[in-house]
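Structure below; questions to follow.
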Amino acid sequence: MDSATLLARITDYASRPNPYPLFTELREAGPVVRQPDGSYLVGTYHEIAALLHDPRMSTDPRTRGEVTHKPPFLRLDDPEHHRLRTLAMRPFGPPHSPGRVDSMRGEIDRITKELLEPFEAGQQIDIVDDFAYPLPVAVICRLLGVPREDEPLFRTWSDALVTAADVRPEEDTAETDKAGDQARIEMGGYLVNLSEQRRGKPTDDMLSAFVNEPDPAQRLTQEELAETAVLLLIAGHETTVNLIANGVLTLLRQPDPLDHLRREPDLLPRAVEELLRYEPPVHMRERIPLADIDVAGTTLAQGTSVILVLASGNRDPLRFHDPDRFDPTRPDNQHLGFGSGIHLCYGAPLARLEAEAALGALLPHLGTARLVQDPPPYRQNAMLRGPRHLPIHL
């Protein structure tokens, strides 16, 4: 096989059901493999972790002149990234709102129960459409303060934005980029309008907290509010949908770990960490070197595209014992499922809570359930990888 075509083969839709043999090939050819378009792939754990912590690696697409508008904090570098992330964190987590995520536990359990109520033995359901998608969408909408009846609006906007953010080598992306920009503008406008309705009339949600921040130095501008709210809404459900769906698929393929979990549900938190390693919801992240950087004898040239293949690092035998085995009791599981460094996933505590609640509630149903289709149909996206549908028979 030709390692020069690895990115094209990894992103090819035919590889979506099982990209892991390609990741093995990448690590064996690596740690760094240059592609024909001048980009670099990095697939080994220690090199990925080091680059995620390297301040010379930028996430800002403006360093290559790709966008003119100011991106959300996920795509900014410090110090601006730190400033905006800190402001966004004020109504979400410690030290200003330490109980926010934990206080959602009852709401998450209630939504989970509501979604499971119609499920009956002998019935066929789609885990994605009937459960893994509606749960995190309902939770993030509740958290931000988006009315339930407006939830369907977000599927169209979110799909356009996620498509535009995907890694697609050798493809003309002008149309999808344009659709993504349009979705970002419409969604940002909607969320800013919703926030403005709460100015001076505070409610207990995050949009209200943003516009009613008493300290002028801690307030987001309208543009920052739009970008931050869009980011939180999309990141707040897209990855969790994949985490839950990949989790159900993995457990139904692995009867022994499933039986173990059904006997010992206290293992669930560790099982979720193992799912984040074994079948992570985010497979790749792009970075741009701000200077030439030497990695294991290869120079990553300034301004080029560097694709950190997190899902490959998670299966690196130099870091994890027996990495292709799903082991819900695995110790020392410092996976890259939520990234690492300054861009470590902002919503990780919420995603963990949702995945534990969802899989915990599903466990009693999964003992006799079977997959209707394996592999199931996957989403187009290679970066945010997960089933598009997951039909199971209860």
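Which distance in nm do the two modelled labels at residue 70 and residue 263 give, with both placed 7 Å along the Cα-to-Cβ direction?
5.6
Also: Could you list log10 I(q)/I(0) for the range 1-132 at q = 0.13, 0.19 Å⁻¹, which the Debye formula gives when each Cα is one point scatterer?
So the normalised log intensities are -0.98, -1.07.
Something else now. Give me the one-decimal nm value for the distance between modelled label points at residue 223 and residue 322, 7 Å along each residue's Cα-to-Cβ direction.
5.4
Follow-up. So which GluC sites (Glu not before Pro) in the range 67-169 are both in a DSSP loop and have at most 15 other Cβ atoms within 10 Å of their Cβ?
Sparse-neighbourhood loop GluC sites (Glu not before Pro): 120.
Let me ask something else. Given R₀ = 35 Å, what would the calculated FRET efficiency be for residue 37 paired with residue 371, taking r from the Cβ atoms and rounding to 0.05?
So the FRET efficiency works out to roughly 0.40.
In Å, what Rg and Dmax follow from the Cα atoms of the range 291-394?
Computed over the Cα atoms of the range 291-394, radius of gyration and Dmax are 18.0, 55 Å.
Run through every distinct alpha carbon pair of the chain and return the Kirkwood hydrodynamic radius in angstroms, one decimal place. List each step's numbers first, then the result.
Working: mean 1/r = 0.0459 Å⁻¹.
This gives a value of 21.8 Å.
Once label points are set 7 Å from the Cα along Cα→Cβ at both residue 150 and residue 107, what is their separation, rounded to one decimal in nm?
In this crude spin-label approximation the distance works out to 1.5 nm.
Oh, and also: Give me the percent relative contact order of the range 39-191, please, defined on Cα pairs under 8 angstrom at least 6 residues apart.
10
What's the magnitude of the charge dipole for the chain around its Cα centre, counting Lys and Arg as +1 and Asp and Glu as -1 at the beta-carbon? Answer in Debye, nearest 20.
Dipole magnitude for the chain comes out near 460 debye.
Cross-link candidates for residue 70: which lysines have Cα within less than 20 Å, leaving aside residues fewer than 8 places away along the same chain?
Within the straight-line limit of under 20 Å, residue 70 reaches these lysines: 178.
When only C-alpha pairs under 8 Å and at least 6 residues apart count, what is the relative contact order of the range 52-97, in percent?
RCO, the range 52-97: 25 percent.
Show me the ranking of peptides 66-72, 2-8 by mean Cβ neighbours inside 10 Å, starting with the highest.
Details: 66-72: 14.1, 2-8: 17.1.
The peptides rank, most packed first, as 2-8, 66-72.
List the equivalent ellipsoid semi-axes of the range 182-300 in whole Å, largest first, each obtained as the square root of 5λ for an eigenvalue λ of the Cα gyration tensor. Each step should come with its number before you reach the end.
On the way: eigenvalues 272, 135, 37 Å².
Equivalent ellipsoid semi-axes, largest first: 37, 26, 14 Å.
Using just the helices of the chain, give the 222 nm mean residue ellipticity in deg cm²/dmol: DSSP H runs with n ≥ 4 each add -39,500 (n - 2.57), and the total is spread over all residues, rounded to 500. Don't skip to the answer; put the middle values down first.
On the way: 14 runs with 176 residues, N = 394.
After summing the helix terms and dividing by residue count, I get -14000 deg cm²/dmol.
Here is a further query. How large is the Rg to Rh ratio of the range 1-48 when both quantities use alpha carbon positions and Rh follows Kirkwood?
Rounded to two decimals, Rg/Rh equals 0.94.
Moving on. Sort 255-266, 54-65 by packing, meaning the average of other beta carbons within 10 Å per residue, with the highest value first.
Ranking, from highest mean packing down: 54-65, 255-266.
No value in this document is a laboratory result; all are computed from the given coordinates. Every value quoted in this text rests on a predicted model; they were computed, and no experiment measured them. Using ideal geometry, Cβ is built from the backbone for each residue, glycine included, and neighbour counts are taken over all protein chains shown.
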